[in-house]
Amino acid sequence: MKLLTILFLALLGCILTNSRLSLSYAAMGLELWFQKMIPTLLPFMILSGIMVRLKLTDKFSLVLYPVIRPLYRVRKNVCYAMIMGFLCGFPMGARVVDDLYIRSMVTRREAEYLLAFCNNIGPVYFCSFVLPLLGRKLVLPYLFGMYGIPLLYGLVLRYTLYKDLPVPVKTPSGAELVACEDSRKVSGTDPASGEISRPPSAIENLLAQTDGSVRTSMQNILTLGGYMVLFNLLNLLPHIVLGRPLAVLAPLLEITGGLSMLGSAVPLYSLLALSFGGLSCIAQTYSSIGDSDLSIGNYIQHKMMLTALNALFYLGWFLLRPSSFLC
């Protein structure tokens, strides 16, 4: 605690004595949040929140469920969280998992399993911002490194560490039952709801759930912006000490601002930093799951493992196809 106190006192002193420089770092965080995060994340946050509240997740995942179910042996709600986690990016994967968990739509073990591999950089962000910034021409190898490895990691975890997860079993009528060793009851009931004298109509329910989703999503996106400002501002300390920005450290603090500072200088390092996510993404994930009993420590361990596997993938690429490495 003494070290943290010294760190934050030093940061406060740097802000007061270098107001112009601190303003530029804070403005960079706000600009990236406004231009990159809000347009790409907020619509997904609102729509996903509505779907979870209306319990439409099993219907949404019907398209990919016939492919995912035999491989991962998971239920439809778990499948939905996998899809959203891979399509929407940080911290939507963690937010969806938390939403499903606190409503008892997935078990604690299922939530832990999902957090292990489903909270990643979004493909729209990766393809439209990262690859052009790094100057990469190939696409498929980088997509495999960013998304294929987590998918394979999740598959291995399903049959090893999480082999006790609930297994969906179809009845003759087509309904889905759960063979579950987890002691937590899985239901679609919201424990926070109370008795009401008159059931709301479909339109009233839709409007109420939309309002709740919009309010929650706005709070979450504002929190994300605060983290982006804070962790970009931490670049102020090495800048003042060294007399110049320490660009190599920046992606480990806040990934979007850090990549913008680093550019295409060291693409392999940037790709590995993307796999880990940086301290800002870890803080955002904790913010998403902080109200539940899910462990941020387990999440960090799995992130470190995925980063190591990504490094092995790029090493294998270099050894097997050095002529196309990082093209």
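The values are calculated or read from the model by the stated rules, or taken from the named source; none is laboratory data. All values reported here derive from a predicted model rather than from experimental measurement. Please note: Cβ atoms are built from the backbone with ideal geometry, for glycine as well, and neighbour counts cover all protein chains shown.
Scan segment 132-149 for residues that are closer than 22 Å to Gln284 by Cα and surrounded by 19 or more Cβ atoms within 10 Å (Cβ to Cβ) and jot them down. Break it down stepwise before answering.
Pass one, segment 132-149, residues closer than 22 Å to Gln284 by Cα: 146-147.
Met146, the sole residue that qualifies.
Does segment 79-138 hold any residues that are on the phi > 0 side of the Ramachandran plot and of a type outside the set (S, T, N, Q), and which are they?
Keep residues of segment 79-138 that are on the phi > 0 side of the Ramachandran plot, which gives 89, 104, 135.
Within segment 79-138, Gly89, Gly135 qualify.
Anything in segment 28-56 that is of a type in the set (Gly, Ala, Ser), modelled with pLDDT under 85 and either over 13 Å from Leu100 (Cβ atoms) or not in a helix (DSSP H, G or I) (or both)? List them, or say none.
Quick first cut of segment 28-56, residues of a type in the set (Gly, Ala, Ser) only: 29, 48-49.
Then keep just the ones that are modelled with pLDDT under 85; that gives 48-49.
Result: no residue meets the conditions.
Here is a yes/no grid of residues against (1) in contact with a helix residue (DSSP H, G or I) (Cβ under 6 Å, 6 or more places away or on another chain); (2) over 16 Å from Leu21 (Cβ atoms):
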residue	(1), (2)
Leu230	no, no
Pro251	yes, yes
Val266	no, yes
Ser280	yes, yes
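Are any residues in segment 105-131 at pLDDT below 90 and surrounded by fewer than 18 Cβ atoms within 10 Å (Cβ to Cβ), and if so, which ones?
Pro123, Val124, Cys127, Ser128
Going by the structure shown, is Leu7 farther than 30 Å from Leu152 by Cβ, at pLDDT below 80 and either touching a Cys at 6+ places or on another chain (Cβ under 6 Å) or aliphatic (A, V, I, L, M) (or both)? So that I can check it myself, show each step before the final result.
Details: farther than 30 Å from Leu152 by Cβ: yes; at pLDDT below 80: yes; either touching a Cys at 6+ places or on another chain (Cβ under 6 Å) or aliphatic (A, V, I, L, M) (or both): yes.
Considered against the rule, which asks whether it is farther than 30 Å from Leu152 by Cβ, at pLDDT below 80 and either touching a Cys at 6+ places or on another chain (Cβ under 6 Å) or aliphatic (A, V, I, L, M) (or both), Leu7 comes out as yes.
Scan Gly226, Gly212 and give me the residue that is of a type outside the set (Val, Ile, Thr), loosely packed, with under 14 Cβ neighbours inside 10 Å, modelled with pLDDT of 85 or more and outside any loop (DSSP other than H, G, I, E, B). Walk me through it before giving the result.
Details: Gly226 fails: loosely packed, with under 14 Cβ neighbours inside 10 Å.
Checking each option against the conditions leaves just Gly212.
Determine, yes or no, whether Arg20 is assigned to a helix (DSSP H, G or I) and in contact with a strand residue (DSSP E or B) (Cβ under 7 Å, 6 or more places away or on another chain).
On the way: assigned to a helix (DSSP H, G or I): yes; in contact with a strand residue (DSSP E or B) (Cβ under 7 Å, 6 or more places away or on another chain): no.
So Arg20 does not fit the description; no.
Could you please find all residues in segment 26-56 being of a type in the set (Val, Ile, Thr) and either under 18 Å from the mean Cα position of the chain (by Cα) or closer than 23 Å to Thr256 by Cβ (or both)?
Quick first cut of segment 26-56, residues of a type in the set (Val, Ile, Thr) only: 38, 40, 46, 50, 52.
Listed by number, the residues that qualify are Ile38, Thr40, Ile46, Val52.
Which residue, of Pro245, Pro251, is over 17 Å from the mean Cα position of the chain (by Cα) and of a type outside the set (A, V, I, L, M, F, W, C)?
Numbers: Pro251 fails: over 17 Å from the mean Cα position of the chain (by Cα).
Just a single option satisfies the conditions, and that option is Pro245.
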